[in-house]
Amino acid sequence: MRKRIVTKIALNMLMTCCVVSFVTQAMAEAEAKKGVGTESLVGQVEKSGKDKSSIKPSKPVVVFTDGTVITDEEIREKMEEVPEAVASQMPLTDLKKMIAFKMAYDRVMTTIAKKSGITEKKEIKEEIEKRLKTFAAYAHAEQEASKAAAKEGALQEKYDKQFERDFKGTKEFSLVAIATTDEKIANTLAKEIKDEKTLKEAMQQYESNGKVKSMAMNDKPQAAFPPEVTKEILKGGKGALVGPFRTGGSVILFYIKDIHDAIKRELTPEFAEAYKKIAIKDFVQDYLRDLYKKKKARQYDLITKKEIDPFAEIPKKEAPETDDGIAKKIEQLKGLPDEQIMAEVGDKKITIADVKRLYKIKNLGDEMIVSLAKQFGINILTILNQAAKLQLDEEVLTTTLDEKFMNSAETSQRIETIRSRETRHAWYADNIKITPQDIKRAYEEYIQSIPEDAKNDHEIALKLAFFKTHEDAAASKKEIQDGNKNFSQIYEQKTTNKPKEGVDLGYVRQGNVSPEFWQVLKKTKSATCYGEIVELNGEQYGVTGCNYALVYVADRRPIQLPSLANENERSQFQKMAERKKAVEVTNAHMEERIKTINGIEYKNMAKAERSQILASIIEPFTIAVK
């Protein structure tokens with residue numbers, strides 16, 4: 001399989017907009033669910049620092065050309081709906097700006113979409129009604145799950161099981177998270193903050209100008225943090241400052257106040273209410289499991305075609321999936337017919353074609369599926385089987401939906417929000433047209449954006465042999481240097497150990513490993529073992545209790561650039577072209593209908609900034625190339 005460089009533009013868009021996307025997605029979900037979710041960061045800040053008398057009178061934030069406005073009070077209400085975990089990743093001023101743009105976008109593009117008459121088309125009307133019914137079915141399931149959670153002892157039982165399964169034996173962190181969009185400020189803070197006293201002084205200085213935002217994060221489970229952050233926190237220990245870590249447009253540092261073993265907490269009324277919001281998903285699954293039994297719903301493995309348990313726990317990754325491992329699985333998927341049944345309930349058959357429609361992909365080995373597998377460390381086949389499970393869930397739930405629930409006043413209001421979103425979605429799909437020339441232009445712009453040194457870069461195949469102690473690693477290193485053993489012999493022994501202490505990472509690229517580790521690999525010749533013992537977090541590679549490694553560079557080869565001849569890669573450039581065209585069209589409509597945002601003339605705002613924000617908030621859609 002040809003190895004290709006990750007599409008840089010798509011990656012940059014992801015890194016720049018991921019936090020923004022989380023915010024807009026969280027707003028949409030909160031709007032639909034109204035009251036379901038965690039307390040927002042803004043809610044905590046306002047509760048702890050201000051009373052109602054200190055809130056300024058409402059004033060316009062967005063002014064439309066027809067004289068209507070969106071007020072700061074409406075913005076504050078939306079900010080309340082953004083979960084803490086999302087809001088904490090953006091400075092408050094950026095969060096307010098993002099919400100103002102999102103609300104303005106919703107109003108302008110929903111009006112345009114509705115006036116276009118798009119929903120009068122029979123097939124679109126039917127599709128929207130189907131999606132609304134699906135939403136109502138999930139809301140009904142959540143209502144039934146809430147009833148189950150309210151039964152005496154149910155929440156305690158769920159908590160006890162989850163603690164034993166997910167948290168026992170792990171750590172909890174009490175931190176102060178410090179976020180900024182200015183990398184220079186982050187680097188300055190990293191030098192200045194030495195203890196809690198200097199932390200307090202730095203926050204007093206930098207938070208006053210709105211360029212830095214801090215938030216206390218107490219007793220957070222280590223599983224809530226990415227592995228690379230967890231590693232640095234555990235390595236730094238109490239009283240240390242770790243980071244900066246880059247996420248989206250923000251730079252984040254963490255001051256470590258405490259690290260302790262995960263504690264099983266008493267289910268007080270306050271904690272029970274907070275935990276219920278987390279556990280509700282498990283209760284929904286319990287509700288679904290009962291429905292599956294009643295309706296005799298079945299699911300089949302994609303490759304073996306044998307019946308599988310739809311509710312089986314997704315296996316935790318043993319080690320990062322290699323490119324070669326992914327390539328082998330993609331090869332297994334080739335040739336599977338679209339009509340192959342992956343799940344069924346009653347007369348309804350869910351096929352491979354349905355899964356492709358769900359993900360909006362042309363083949364099962366699409367780059368988007370591969371990216372998901374790498375990001376979450378989940379087998380590609382598991383992702384596809386889960387897609388079939390999701391559609392089976394929808395079928396089971398919609399056939400059980402109580403029509404009275406769907407027509408209730410509360411549900412009807414929530415459905416209207418979803419209807420507006422789906423109407424916009426349909427409008428984009430019907431109005432944004434791209435050509436093969438647009439795709440070619442997107443490809444050429446990408447190629448031109450790649451630095452020459454990146455075009456000439458390499459990817460490196462490596463193997464790791466892990467050891468529990470530095471002394472054990474040093475002894476094996478000496479055996480290699482003295483010629484008594486070679487790396488292959490040591491590695492073979494490590495892979496036969498139980499649990500395994502040898503890992504084949506296949507080919508990795510510069511962005512796949514830390515900068516320090518990449519420098520180690522660059523110094524090492526092919527088919528040789530690096531001359532020093534490398535300290536690595538074995539947990540990140542699926543190896544427990546081993547943090548010392550011998551590194552063997554098996555091979556290196558040039559990275560190949562993407563090609564429009566490759567169907568998966570062409571699909572990525574098509575999506576980029578679609579997104580660019582959608583941003584241009586949306587920008588034009590908003591220029592006509594928005595006078596000011598935050599007192600600044602919309603037309604006078606930097607076009608690059610507008611485009612970046614709009615690219616993150618426009619809903620996804622599928623377009624056929626004309």
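Per 5 Å bin, what is the whole-percent P(r) computed from every C-alpha pair distance within segment 187-243?
Going from the shortest bin to the longest, the percentages are 4, 15, 23, 27, 18, 12, 2.
Just tell me, in residue order, which DSSP H segments of the chain are both 18 angstrom or longer along the helix axis (alpha-carbon based) and at least -1.0 in mean Kyte-Doolittle hydropathy.
What comes out of the filter, once short or polar helices are dropped, is 8-33, 92-115, 122-149, 269-295, 380-398.
Give me the accessible area of Ser250, 1.4 Å probe, in Å² rounded to the nearest 10.
Spelled out: Ser250, probe radius 1.4 Å, area about 10 Å².
Leaving ligands, DNA and RNA out of it, rank Thr71, Thr469 by accessible area with a 1.4 Å probe, largest first.
Thr469, Thr71
Consider just the alpha-carbon atoms of segment 114-168 and return their Rg together with their Dmax, both in angstrom.
According to the Cα coordinates of segment 114-168, Rg and Dmax are 19.7, 56 Å.
If each DSSP helix of 4+ residues adds -39,500 (n - 2.57) and the sum is divided by the residues in the chain, what number results at 222 nm, nearest 500 deg cm²/dmol?
Rounded to the nearest 500, the figure is -17000 deg cm²/dmol.
What are the lysines whose alpha-carbon lies under 16 Å from the alpha-carbon of Lys147, with same-chain residues fewer than 8 places away excluded?
Within the straight-line cut-off, Lys147 pairs with Lys158, Lys276, Lys277, Lys281.
Once you charge only the Cβ atoms, +1 for Lys and Arg and -1 for Asp and Glu, what is the size of the charge dipole of the chain about its Cα centre, to the nearest 20 debye?
980
Calculate the FRET efficiency for Arg246 and Ser208 from the Cβ-Cβ distance with a Förster distance of 30 Å, rounded to the nearest 0.05.
Computed FRET efficiency for Arg246 and Ser208: 0.80.
Mind giving me the nanometre distance, one decimal, between the label points for Asp301 and Asp282, set 7 Å out from Cα along Cα→Cβ?
Distance between the two pseudo-spin positions: 2.8 nm.
Expressed as a whole percentage, what fraction of the accessible surface of the chain belongs to carbon and sulfur atoms when a 1.4 Å probe is rolled over the protein heavy atoms?
51
For segment 525-626, take N as its residue count and report Rg(C-alpha) divided by 2.2 N^0.38 Å.
In units of the 2.2 N^0.38 Å rule of thumb, it is 1.89.
So between Lys404 and Arg357, what do we pick up on full extension, going 0.36 nm a residue minus the alpha carbon distance?
13.9 nm
If you count only protein heavy atoms with a 1.4 Å probe, what accessible area per residue comes out for segment 124-227, rounded to a whole Å²?
Result: 55 Å² of accessible area for each residue.
Students often get this wrong, so check it: of Lys329/Lys485; Lys121/Lys603; Lys374/Lys433; Lys575/Lys607, which have C-alpha atoms separated by over 23 Å?
Flagged as over cut-off: Lys329/Lys485; Lys121/Lys603; Lys374/Lys433.
Considering only DSSP states other than H, G, I, E and B, which trypsin sites (Lys or Arg not before Pro) in segment 339-391 qualify as loop sites with at most 15 other Cβ atoms within 10 Å?
Passing sites in segment 339-391 are Lys360, Lys362.
Across every pair of different alpha-carbon atoms, what Kirkwood hydrodynamic radius in Å does segment 350-475 reach?
Result for segment 350-475, one decimal place: 20.5 Å.
What are the GluC sites (Glu not before Pro) within segment 512-591 that DSSP puts in a loop, where the Cβ has at most 15 other Cβ atoms within 10 Å?
Qualifying residues, ordered by number: Glu532.
Return the equivalent ellipsoid semi-axes of the chain as a descending list in whole Å, where each equals the square root of 5 times an eigenvalue of the C-alpha gyration tensor.
After diagonalising the Cα gyration tensor, the semi-axes are 40, 32, 29 Å.
Under a 5 Å amide H to amide H cut-off, with H placed in plane at 1.01 Å, what residues pair with Lys121 once short-range neighbours are removed?
none
Rounded to whole Å and sorted largest first, what semi-axes of the equivalent ellipsoid does the C-alpha gyration tensor of segment 404-481 yield via the square root of 5 times each eigenvalue?
55, 32, 8
Within 10 Å of each candidate Cβ there may be at most 16 other Cβ atoms; applying that plus a DSSP loop requirement, which trypsin sites (Lys or Arg not before Pro) in segment 70-173 survive?
Those satisfying the criteria are Lys121, Lys151, Lys168.
Tell me which residues come under 5 Å, amide H to amide H, from Leu536 once H is placed; ignore anything under 5 positions away on its chain.
For Leu536, the qualifying residues are Tyr548, Ala549.
On average, how much accessible surface per residue is there in segment 271-372, in Å², for a 1.4 Å probe, leaving out ligands, DNA and RNA?
Spelled out: the 1.4 Å probe surface of segment 271-372, per residue, equals 58 Å².
Keeping all protein chains in place, calculate the accessible area per residue for segment 417-495 (probe 1.4 angstrom), answer in Å².
With all protein chains present, segment 417-495 gives 51 Å² per residue.
For a quick check: with amide H placed at 1.01 Å from N, whose amide H comes under 5 Å from Thr170's, ignoring anything fewer than 5 positions away on the same chain?
Here the answer is Ala262, since their amide H atoms fall under 5 Å of that of Thr170.
Assuming R0 = 25 Å, can you tell me the calculated FRET efficiency for the pair Asp472 and Glu539, based on Cβ-Cβ distance, to the nearest 0.05?
0.90
The values are calculated or read from the model by the stated rules, or taken from the named source; none is laboratory data. Just so it is clear, the model here is predicted, and its values are computed rather than measured. As a convention, Cβ positions derive from the backbone with ideal geometry for all residues, glycine included, and neighbour counts pool all protein chains shown. For the accessible areas, the whole protein counts, side chains as well, though only heavy atoms, and no ligand, DNA or RNA atoms are used. Shrake-Rupley method; radii C 1.70, N 1.55, O 1.52, S 1.80 Å.
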